[in-house]
Amino acid sequence: MNQVNSEVVGLNVAGSRHEVNDEEAISDVSSAVYMVTPYRWLVLTTVFLVNLINAAFWLTYSVVVDDVAKHYDVSENVVNILSMCMSGLYGPVVWTAAPLVKRIGFCNSVRLAALFTCAGGALRYMGQSPSTFFLVVIGQCVSGLARPVISQLLGLVSLQWFAGKQRTLATAIAALGNPFGIGLAFMLSPSIAKGPGDVVKLNFVTMCLGILMLAFVLAFVRERPETDPSAAATAAREGNEKGSMTYLDELKLLKNREYWLLSFAFGLAFGQTNAIAIMLNNLLTPFGYPHTAIGICGVMVILPGIIGAGLIAGYLGKNPMHREALIGIYVAGAAILVAFFVLACRTGLPDYNGWLFVLAAVFGFFAQPCFSIAIELGCEVVYPASPAVGSAGVVMCAQYVGLIVSAVFGAYINAAPDNSKEQQNRVHITGYVMAGCWVIAAMMMTLFKTDNMARSTFEAGERVRLKQAKMDAKRASRSASAAQSGALDDDDDDVNERQHLITAK
């Protein structure tokens, strides 16, 4: 097994401090204990940062679409395509990325995703004029190649580095890099690009962030800890080493009703979140909101989303009710979307009003956690397929729904005269359609059956087996002690008898 380099932090050398997993699992053969190391949080941070910067690149131009269009002398629809192309690349690439991640391993996959993201940022900076706009398009596509790889690392880092009860939380933290990146884009873009002439400066800043992220990843990412954190991690490692399951074998496990029901329901709901992120400028500009207010609205989705993800992930770690959680989130999301488009999307309100920011925050609290929940649930139902394969279909559905909705309704809204009553009505219709999709997703999840949680079932069986082995070892030890004690008693009797005979003589 690969060992973690002790020169990085010095926490995981042989004999150093480890946190013992509360699921004590001692093998009857090797007496090995499943452990987790503090270094896992640093590895998790590398995945989080790659996810964050890639998401920031995805929506760099979303809030300042009009300024970017003027600088490069293209239409706003063309600028929106820059955000859509990353979603469009997901489907063709993800099914190639899944076996690639399995082949080159977790560590090299993180490095590859970081490299693609950084290279895309450099290409975007090189496209500084209308004549070199094609470099911006190529750079956006290169960054987009990293997205399918990143989505498969979210479940993989939690499997290889975290114990069972912490996996949902770890996946949630890694997944939160996406909304954090969106929030970063929404903050940076309007604060740096005050006009068309500042677009190049915006590209330079984002490129520098990509370089810093790549340096951090190269310094700290590692393949796996010295000791597996769970039985599922051991089974996955041994399966890879023995080559017991091919990629085609894993794809066969996706022929699963619950998996695709989950994927389509999640795609229908979370795809609206992706579409809103792409179209936020189109949705709010008709009501007179400036770029800064639109950016703050996007950021307000993030912080409550972190709180919601932490609370819900912590609860699900102790009470595995993933299906019920998704149903509740989808229903709440639909109600909040309706309230948002009715109360915040109207004229006559201040640029910075409570309806806009409070409803965005409440929506983020419920919307962001469903990403990590859906990935964990997808990995559960197709186990022993790898997390890379298990998460592929789930995220792909969300990417393509977001792509279709943003393309269709973005063009639908832009077809009306700017800031007209007709355009405002089209925004409202778009919002109600999005809310309806969340309701349909909740109805679909009521059909999801939870009687085949393969990974949890496997680990529960392993815990029972290992506890039984531990009890058997204790009984064998007691029997050996009793036998040894009986033998000593017999020896004492022989000695006493000989002493008695000597005394008699």
- Message: Largest first, please: the extent of the C-alpha atoms of segment 29-133 along each principal axis, to the nearest Å.
- Response: 69, 28, 20
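With a sphere of radius 15 Å drawn around the Cβ of PHE409, what net charge do the other residues whose Cβ falls strictly inside it have (Lys, Arg +1; Asp, Glu -1)? It would help to have the intermediate numbers written out before the result.
On the way: positive: ARG426; negative: GLU76, GLU422.
It works out to a net charge of -1.
State in Å² the accessible area per residue of segment 78-148; use a 1.4 Å probe, count heavy atoms of protein chains only, and round to the nearest integer.
36
What is the magnitude of the charge dipole of segment 232-332 about its Cα centre, with +1 placed on the Cβ of each Lys and Arg, -1 on the Cβ of each Asp and Glu, and no other charges, expressed in debye to the nearest 20? Before the final figure, lay out the partial values.
Values: 7 positive and 6 negative charges, 23 e Å.
That gives segment 232-332 a dipole magnitude of about 100 debye.
Net charge near LEU202, counting Lys/Arg +1 and Asp/Glu -1 over other residues with Cβ under 15 Å of its Cβ? Provide the component values of the computation, followed by the final result.
Details: positive: LYS70, ARG124, LYS194, LYS201; negative: ASP66, ASP67, ASP198.
Neighbourhood net charge equals +1.
Beta carbons within 10 angstrom, averaged per residue: use that to sort the peptides 329-336, 364-371, highest first.
Working: 329-336: 21.5, 364-371: 26.1.
Per-residue Cβ counts within 10 Å, averaged per peptide and sorted highest first, yield 364-371, 329-336.
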- Task: Starting with the highest mean, order 41-53, 136-148 by the number of other Cβ atoms within 10 Å, averaged over the residues of each peptide.
- Result: 41-53, 136-148
- How much length is gained on full extension from LYS194 to TYR432, taking 0.36 nm per residue of separation minus their Cα-Cα distance? 82.4 nm
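For segment 71-208, what does the equivalent ellipsoid look like in terms of its semi-axes, each the square root of 5 times an eigenvalue of the Cα gyration tensor, given largest first in whole Å? Write out the running numbers ahead of the final one.
Values: eigenvalues 190, 58, 30 Å².
Semi-axis lengths for segment 71-208 are 31, 17, 12 Å.
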- Query: In the neighborhood of VAL427, defined by Cβ-to-Cβ distances under 13 Å, what is the net charge if each Lys or Arg adds +1 and each Asp or Glu adds -1?
  - Reply: +1
- Within segment 87-193, list the trypsin sites (Lys or Arg not before Pro) lying in a DSSP loop whose Cβ has at most 11 other Cβ atoms in a 10 Å radius. none
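Report, to the nearest whole %, how much of the accessible area of segment 148-201 belongs to carbon and sulfur atoms, 1.4 Å probe, protein only. Write out the running numbers ahead of the final one.
On the way: 900 of 1310 Å².
It is 68 percent, rounded to a whole number.
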- Task: Could I have the simple spin-label model distance between SER75 and VAL358, label points 7 Å from Cα toward Cβ, reported in nm to one decimal?
- Result: 4.0
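How large is the Kirkwood hydrodynamic radius of segment 207-290, in angstrom, based on all distinct alpha carbon pairs? Display every interim value, and only then the final one.
Numbers: mean 1/r = 0.0551 Å⁻¹.
Radius from the Kirkwood sum: 18.2 Å.
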- Return one whole number: the accessible area per residue of segment 297-391 in Å², for a 1.4 Å probe. 35
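Take the solvent-accessible surface of the protein heavy atoms, probe 1.4 Å, and return the percent of it on segment 338-427 that carbon and sulfur atoms account for. Walk me through the numbers before you get to the answer.
On the way: 2060 of 3050 Å².
Solvent-exposed carbon and sulfur of segment 338-427 make up 68 percent of the total.
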- Message: If I take R0 = 25 Å and measure r between the Cβ atoms of LYS467 and TYR315 in this structure, what FRET efficiency does the formula 1/(1 + (r/R0)^6) give, to the nearest 0.05?
- Response: 0.45
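The values are calculated or read from the model by the stated rules, or taken from the named source; none is laboratory data. Predicted, not measured: the structure shown is a model, and the values here were computed from it. When we count neighbours, we look across all protein chains shown, and the Cβ atoms used for this are built from the backbone with ideal geometry, even at glycine. Note: accessible area is taken over every heavy atom of the protein model, side chains too, but ligands, DNA and RNA are not part of it. Shrake-Rupley method; radii C 1.70, N 1.55, O 1.52, S 1.80 Å.
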